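The values are calculated or read from the model by the stated rules, or taken from the named source; none is laboratory data. These figures come from a predicted structure and were not determined experimentally. Cβ: placed from backbone, ideal geometry, glycine included. Neighbour counts: every protein chain shown. We work out accessible area using only protein heavy atoms, side chains counted, and drop any ligands, DNA or RNA first. Shrake-Rupley method; radii C 1.70, N 1.55, O 1.52, S 1.80 Å.
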Amino acid sequence: SSHLDSRLSSPIALPRSRILPKKGEPIPPRKAMPNAEKLAKKQKYFDKLVDLCVNTPNALIICADFVASTQMQDIRMELRGKAVVLMGKNTMIRKALEMGHLAHPDAGMDVLRSNIRGNIGFIFATNCQLDDIREVLTKHVRDSAAKSGQMAKANLSLPAGPTGMDPSQTAFFQALNIGTKIVKGQIELVSEFPILKQGERVSPSSAILLAKLGIRPFQYGMEVEQVFQDGSVFPAAVLDISDDVLIQKFMSGIANMAAFSRELGIPTEAGLPHAFGNAFRNIAALVADIDFTFKEVEEVKKFLADP
């Protein structure tokens, strides 16, 4: 009973959200509900995204990491009248696509919703082709300096030779263990030095040295990650497939189907040329040594008679 009394007398731990403020402390304000104007603005965004997905199901899903506001503005201006650039928070995009899928289950918005991750946006082709949009995006790419902690997008090496920096700045090279020498009053690199490696973070020393050398190693712009078309989402690399590659893949499939049908003995349109070719070779072999002939086999018999 004493043990039970001690448990009853001990204070019960409450969550921090339920603990009342101490005497004299101000009561924290409650989270305000969104007003009618904000709700109307959200609904307008939802309706616009759903309408574009249903009536213009031809869009590029782009990544906008490190894209400047002026770049975004220039892209919008150049695509005006041709395409619609639509950005937004991922939570709002997912909510709009969820609502749109309930109203239009065949539009593929559930597939699109599952691919919403990262700093992404949409460019819907309303009056142009997707390749036209890609050309515009490639024009609006800007060079950028390396920043500390940033992921390197490409490998970069400093070439051997003069750097144009005076001898008082050797400390920047020593911090990275770069071999240098002083020639004619300026620092020279003894050998080529890899300063950035793709997929690794930029160190503070590397960022400062590249800034001193005036090297801007990165280029940033809107990058096409995926394509939304007719309810399907596929990688952007599909857009780079040319007609020649498609024809080659198609002919390879035809050849495989013809071989498969010939092996099974089932006549198909793809296997008919091979069947007729094999039949002609068999007939030519049979009549090669006899006097019987016909027009199609005459050339073969002439070749066999005088190879």
Item to check | Given (1) more than 26 Å from the chain's Cα centre (by Cα); (2) assigned to a helix (DSSP H, G or I), number of the condition Val238 does not satisfy | outcome: (1)
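Yes or no, residue by residue, for (1) open to solvent by less than 60 Å² (accessible area, probe 1.4 Å); (2) in contact with an Asp or Glu (Cβ under 9 Å, 6 or more places away or on another chain); (3) among the charged types (D, E, K, R):
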{"site": "Val54", "(1), (2), (3)": "yes, no, no"}
{"site": "Asp65", "(1), (2), (3)": "no, yes, yes"}
{"site": "Ile75", "(1), (2), (3)": "yes, no, no"}
{"site": "Lys82", "(1), (2), (3)": "no, yes, yes"}
{"site": "Asn90", "(1), (2), (3)": "yes, no, no"}
{"site": "Ile93", "(1), (2), (3)": "yes, no, no"}
{"site": "Leu97", "(1), (2), (3)": "yes, yes, no"}
Checklist entry - Looking at (1) modelled with pLDDT under 60; (2) open to solvent by 100 Å² or more (accessible area, probe 1.4 Å), can you tell me which one Pro29 breaks? => result (1)
Checklist entry - Can we say Val190 is under 30 Å from Gln129 (Cα atoms) and of a type in the set (A, V, I, L, M, F, W, C)? => result no
Checklist outcome for this item: Quick count over the range 140-175, residues being free of Cβ contacts under 8 Å to residues at least 12 places away in the same chain and within 15 Å of Ile75 (Cα to Cα), is 0
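Restricting the range 221-271 to residues that are among the aromatic types (Phe, Trp, Tyr) and over 30 Å from Met72 (Cα atoms), which is modelled with the highest pLDDT?
First pass over the range 221-271, keeping only residues among the aromatic types (Phe, Trp, Tyr): 228, 234, 250, 260.
Then drop every residue that is not over 30 Å from Met72 (Cα atoms), which leaves 250, 260.
Working: Phe250: 86, Phe260: 82.
Looking at residues that are among the aromatic types (Phe, Trp, Tyr) and over 30 Å from Met72 (Cα atoms), I get Phe250.
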Checklist entry - Considering only residues of the range 265-289 that are in a loop (DSSP other than H, G, I, E, B) and open to solvent by less than 80 Å² (accessible area, probe 1.4 Å), which is farthest from Ile254 (Cα to Cα)? => result Ala288
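Right, Lys153: more than 15 Å from Leu213 (Cα to Cα), surrounded by 11 or more Cβ atoms within 10 Å (Cβ to Cβ) and touching a strand residue (DSSP E or B) at 6+ places or on another chain (Cβ under 7 Å) or not?
When the stated conditions are applied, Lys153 passes them.
Restricting attention to the range 236-256, does a residue exist that is among the hydroxyl-bearing types (Ser, Thr, Tyr) and surrounded by 11 or more Cβ atoms within 10 Å (Cβ to Cβ)?
No, because not a single residue in the range 236-256 is among the hydroxyl-bearing types (Ser, Thr, Tyr) and surrounded by 11 or more Cβ atoms within 10 Å (Cβ to Cβ).
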Checklist entry - Among strands (runs of 3 or more DSSP E) lying entirely in the range 140-216, which contain 3 or more residues that are of a type outside the set (Phe, Trp, Tyr) and on the phi > 0 side of the Ramachandran plot? => result none
Checklist entry - If you check Lys38, Lys48, which single one turns out to be charged (D, E, K, R), modelled with pLDDT of 90 or more and not in a loop (DSSP other than H, G, I, E, B)? => result Lys48
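Residues checked against (1) out of contact with any strand residue (DSSP E or B) (no Cβ under 6 Å at 6 or more places or on another chain); (2) polar (S, T, N, Q); (3) crowded, with 16+ Cβ neighbours inside 10 Å:
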site: Pro167; (1), (2), (3): no, no, no
site: Phe172; (1), (2), (3): yes, no, yes
site: Asn177; (1), (2), (3): yes, yes, no
site: Lys184; (1), (2), (3): yes, no, no
site: Leu196; (1), (2), (3): no, no, yes
site: Ile208; (1), (2), (3): yes, no, no
site: Leu213; (1), (2), (3): yes, no, no
site: Met222; (1), (2), (3): no, no, yes
Next on the checklist: For the range 110-134, give me the residue count where each residue is at pLDDT 90 or above, touching a Cys at 6+ places or on another chain (Cβ under 9 Å) and either small (Gly, Ala, Ser) or closer than 22 Å to Ala40 by Cβ (or both).
Outcome noted: 2
